[in-house]
C-alpha cells in the first residue's frame, strides 16, 4: 500500500477522521507512522503499542460495523517544527443521528517524517459530562 503524503498535521488529522468515519482500515493505517513506538488508547481501553497492535485495535473497532460520525470541536494545537499536538473534543453520533451521543476528549500527536506528517499517538478518553446551563428566566416586575 502506498502511503499518502500529508503536507501538514491538519491534513493528517483530516485523513484520520475521514478513515475513522468510513471504517477504512488501510486509509487509517496510512495516517500512522511506520514506527514500533506508535501507541493508541481507545476510550476505556488499554494502551496498545506498535503498528501491528494499533492496526489490530482499529480492525476490531471497524468490525463492530457501527457507523460513527464525528464533529471535532474546541481544537487546541501546539505545533513545533517536527511535532504537532492536537487536543480535541470529538462529539460522536451514530449513523444518521443529528444529536451527539457522547463526547470524547482526544489527544493526537503527529510527527514530521521524511514522508510527511504521520500520527504517532491517539489517546481518547470519555470527556466529563458538562451540564447544560439552565435557561435564564425573564424577570417579571410587578
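FYI, it's all coordinate maths here, none of it is from the lab. It should be emphasised that the depicted structure is a prediction, and the values quoted were computed from it without experimental measurement. Counting neighbours? That spans all protein chains shown, and the Cβs are built from the backbone with ideal geometry, glycine included.
For the peptides 31-38, 13-20, 72-79, what is the packing order when you average, over each peptide's residues, the other Cβ atoms within 10 Å and list the highest mean first?
Packing order, densest peptide first, comes out as 13-20, 31-38, 72-79.
Extension gain, residue 11 to residue 107, is 33.0 nm, computed as 0.36 nm per intervening residue step minus the present C-alpha separation. Could you tell me which of rounded, prolate or oblate describes the range 9-118, using a ≥ b ≥ c as the square roots of the eigenvalues of the alpha-carbon gyration tensor, with rounded for a/c under 1.5 and, failing that, prolate when a/b is larger than b/c and oblate otherwise? In terms of gyration-tensor shape, oblate. Legend: ranking of residues 21, 111, 119, 81 from fewest to most surrounding C-beta atoms inside 10 Å; resulting order 81, 21, 111, 119.
Entry note, the range 9-118: relative contact order of 21 percent, from Cα contacts under 8 Å with a spacing of 6+ residues.
Applying 1/(1 + (r/R0)^6) with R0 = 25 Å to the Cβ-Cβ distance of residue 127 and residue 36 gives a FRET efficiency near 0.25. Computed from label points 7 Å out along Cα-Cβ, the spacing between residue 18 and residue 77 is 1.6 nm. Modelled label positions at residue 67 and residue 4, each set 7 Å beyond Cα in the direction of Cβ, lie 2.1 nm from each other.
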